[in-house]
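Novice: Take a look at this one; I'll ask things after.
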Amino acid sequence: MTKSPLRAAILALLSPLLLACEQDAYDKGEGSLSLLRADLVEAHVDAAKNVDYVVTDEGQQLTIDGQLTARWLTQPDTVYRAILYYQQQGNTARDASIGQVATLTMRRPDFFKGNIKTDPVRFESAWVSNTRRYLNAGIYLMMGNGAADDKAIHTLGLVGDTLMTHADGTRTWHMRLWHDQGGVPEYFAQRTYLSIPLYRLDADSLCLSINTYEGVVEKTFCVR
């Protein structure tokens, strides 16, 4: 992927990943990559920091044909959350390209020390993966050049407000998307994907609140 002049980035709170948001054909779904299949995956990185296989959100394991790596794949023998663009032949992914997906770890409100930000985003969709390992969301962040600070970034996180126990003994986590626009100008919208690991969640359902430009969107999902 070629480097663009856009300096905005997404920082997934509580994650070591700094995700660069670059405006090019790859991001807009145009060009040759738009002809490939796209899936959210868990990507396994081998000792040489190449992706050797992935497991899709449908639970299918695919072997990677050829060498596949990226600058953000910094740790060997690690599993990364990612989006994979590829052509499928049986259980093999060919002509593959990979992009980061922010994985948000829940923190209680006191972690943020009263600094809970809910700057608006544009909400597209949210769904539980077929493997029930992740709650995924597609959102659009407003981007643009010309920030007063050329290192302006978006920051995303996840606030766990309340764990509610119901009369039948089931439990629901009520969470909010934490978002700081961070001084990034709001000239155009760029899609990004988020994942919340459900295998770490000690509840039967999750109610997620996202502040949007049209008002607060609240979605509840069964996660067990």
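Novice: Label the stretch 148-224 by shape, choosing from rounded, prolate and oblate, from the square roots a ≥ b ≥ c of the eigenvalues of the Cα gyration tensor; if a/c is under 1.5 it is rounded, and otherwise prolate applies when a/b is larger than b/c, oblate when it is not.
Specialist: In terms of gyration-tensor shape, prolate.
Novice: If you don't mind, another one. Once R0 is set to 25 Å, what does the formula 1/(1 + (r/R0)^6) return for the Cβ-Cβ distance between residue 145 and residue 124, expressed as a FRET efficiency to the nearest 0.05?
Specialist: After rounding, the FRET efficiency stands at 0.60.
Novice: Arranged from highest to lowest average of other beta-carbon atoms within 10 Å per residue, in what order do the peptides 59-71, 153-165 appear?
Specialist: 153-165, 59-71
Novice: For labels at residue 170 and residue 187 in the simple 7 Å Cα→Cβ model, what's the distance in nm?
Specialist: Each label point lies 7 Å from its Cα, and together they span 4.7 nm.
Novice: Shifting gears a bit: Put a dot 7 Å past each Cα toward the Cβ at residue 155 and residue 60; how far apart are the dots in nm?
Specialist: 4.0
Novice: Please calculate the 1.4 Å probe accessible area of residue 117, with all protein chains present, and give it to the nearest 10 Å².
Specialist: 70
Novice: Rounded to whole Å and sorted largest first, what semi-axes of the equivalent ellipsoid does the C-alpha gyration tensor of the stretch 71-206 yield via the square root of 5 times each eigenvalue? Present the calculation step by step, with values, prior to reporting the outcome.
Specialist: Numbers: eigenvalues 143, 128, 38 Å².
They are 27, 25, 14 Å, listed largest first.
The values are calculated or read from the model by the stated rules, or taken from the named source; none is laboratory data. These numbers were taken from a predicted model, which means no experiment stands behind them. All Cβ positions, glycine included, derive from the backbone under ideal geometry; neighbour counts span all protein chains shown. The area values use the complete protein model at the heavy-atom level, side chains included, leaving out ligands, DNA and RNA. Shrake-Rupley method; radii C 1.70, N 1.55, O 1.52, S 1.80 Å.
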